[in-house]
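Since the structure comes first, as structure tokens, the remarks are kept for the end.
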Amino acid sequence: MASNGSVGQIVEMVERFDEASTQAVLGLLIEHARGAIGVESQGVARTLLALAGSADVALNQHGGAIANSIAPTLELYPELLASSSLSGAWRLGSVTNSTAGRRLQRIVLDSAATRTDPGVGLMVLRDACAALAADAAATQLILQSHLVAAHVADTAAVIEGLDPGTAADLLRGDPASLAATLAAALTPPVAPAAAPTTPPAPAAAPAAAVSTADEDEEDDASLVDGGRADSTQVHAALVGLLSNLASGPDGPAQALLGVLLLVDSQEMRDTVQASLSSVGDIEDPELTSRFLVLLPTWCVGVAPLDGLAQPGGPCRRTVRQ
């Protein structure tokens, strides 16, 4: 069955097995993968990737052996690592320190599907500690893509569920690039230009065909845009994150605060100001500098050289220089 492409049937069957039977099947498939060639090797590799991606299949000691056994096949047939196989590839990479395992992680992080498919992208973000260690730059691109996608609320929930230190590292990784992505998503779309009042001359048949093609392209673009959040969704998710993330000088709430200050819009200044009571005393020199440059002086209280907020002023949190 593993050779002829009945992957779904095998996964459904193994998910019902007891622990001993599951491990026996994995061992058998590993041996099969080592000797298979051509179409047979592709079928076994697909099966092992699918099993590795199932939360109901315990890999136990077999993770490294699976990654190593299918590595030659994946070198020859990289198309096997399609979107549906990336969850299994990431899991295999997470349970082994082998060269094959690290390569699987890199493939997942570099895949376009990881930046567009919420099932894969959010899986990687839930394992942000490993993702950042494997490739911090690629992880930042994944974060940015899913923070402006239609499922931005789910992305925010994943960030809130991370260890505070990991969440802070994720948000501090590339603040300028993240801020630019958020700024673009928070900008309301520009209304289309009004149609000309003078009706155009009748088009010839070939021109009509071109017009139809243009309409098809517009339809395709609207489908792509349908996967992105509108500015209201993004703003609501950011406000929720600021409220729910851990506070304090090393906390993710202040890491996000620094990103939002770089967005440099009045809406974000208002959001930051409203959140100051919940993010804790600000001691980080770089974050303090952003406040002094980007926020109104009456908010930060720059008149006293000790850097304290003005007593009784609109901002009541301490900003230490």
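Work out how far the C-alpha atoms of region 1-73 reach from end to end along every principal axis, then list the three figures in whole Å, largest first.
31, 24, 17
Roughly speaking, what is the stretch gain from GLU286 to ALA82, that is 0.36 nm per residue apart minus the C-alpha to C-alpha distance, in nm to one decimal? Could the numbers behind the result be given before it?
On the way: separation 204, 0.36 × 204 = 73.44 nm, distance 4.17 nm.
Full-extension gain reported as 69.3 nm.
If you take the charge dipole of region 1-110 about its Cα centre, with +1 on Lys and Arg Cβ and -1 on Asp and Glu Cβ, which of LEU28, GLY101, SER69 is farthest toward its positive end?
Value computed over the given set: GLY101.
Residue separation times 0.36 nm, minus the C-alpha to C-alpha distance between GLN61 and VAL11: what's the value?
Values: separation 50, 0.36 × 50 = 18.00 nm, distance 1.87 nm.
Net length gain for the segment: 16.1 nm.
Compute the semi-axes of the equivalent ellipsoid of region 38-88, taking the square root of 5 times each eigenvalue of the Cα gyration tensor, and list them largest first in whole Å. Before the final figure, lay out each step's value.
Working: eigenvalues 62, 31, 15 Å².
Working through the eigenvalues yields semi-axes of 18, 12, 9 Å.
With only alpha-carbon atoms in the gyration tensor, what are the semi-axes of the equivalent ellipsoid for region 121-180, in Å, largest first?
On the way: eigenvalues 44, 38, 23 Å².
For region 121-180, the semi-axes come out at 15, 14, 11 Å.
Per residue of region 146-160, in order, report the coupling 6.51 cos²θ - 1.76 cosθ + 1.60 (Karplus, θ = phi - 60°) as ³J(HN,Hα) in whole Hz, putting x for Gly and Pro.
7, 7, 10, 8, 4, 8, 4, 5, 5, 4, 4, 5, 5, 4, 5
What is the set of long-range amide H partners of ALA149 at a cut-off below 5 Å, with H atoms built 1.01 Å from backbone N?
When sequence neighbours closer than 5 places are left aside, the close amide H contacts are ALA229.
Evaluate E = 1/(1 + (r/R0)^6) for ASP250 and ALA112, where r is the Cβ-Cβ distance and R0 equals 35 Å; express this FRET efficiency to the nearest 0.05. Working shown, then result.
Details: r = 34 Å, r/R0 = 0.96.
Working from the Cβ atoms, E equals 0.55.
Using the Cα centre of region 1-110 as the reference point, and only Cβ charges (+1 on K/R, -1 on D/E), how large is the resulting charge dipole? Debye, rounded to the nearest 20. The partial results should precede the final answer.
Numbers: 7 positive and 10 negative charges, 66 e Å.
Here region 1-110 has a charge dipole of around 320 debye.
Please go through region 16-112 and write out the trypsin sites (Lys or Arg not before Pro) that DSSP classes as loop and that have at most 16 other C-beta atoms within 10 Å.
ARG16
Work out how much length ASP230 to ASN97 would gain on full extension: take 0.36 nm times their residue separation and subtract the Cα-Cα distance, in nm to one decimal.
Working: separation 133, 0.36 × 133 = 47.88 nm, distance 4.02 nm.
Result for the pair: 43.9 nm of gain on full extension.
Quick check on the exposure proxy: order PHE17, PHE291 from fewest to most C-beta atoms within 10 angstrom. Provide the component values of the computation, followed by the final result.
On the way: PHE17 14, PHE291 26.
Starting with the residue having the fewest Cβ neighbours, the order is PHE17, PHE291.
No lab work stands behind these numbers, since they all come straight from the coordinates. It should be emphasised that the depicted structure is a prediction, and the values quoted were computed from it without experimental measurement. Note that each Cβ is placed from the backbone with ideal geometry, even for glycine, and that neighbours are counted across all protein chains shown.
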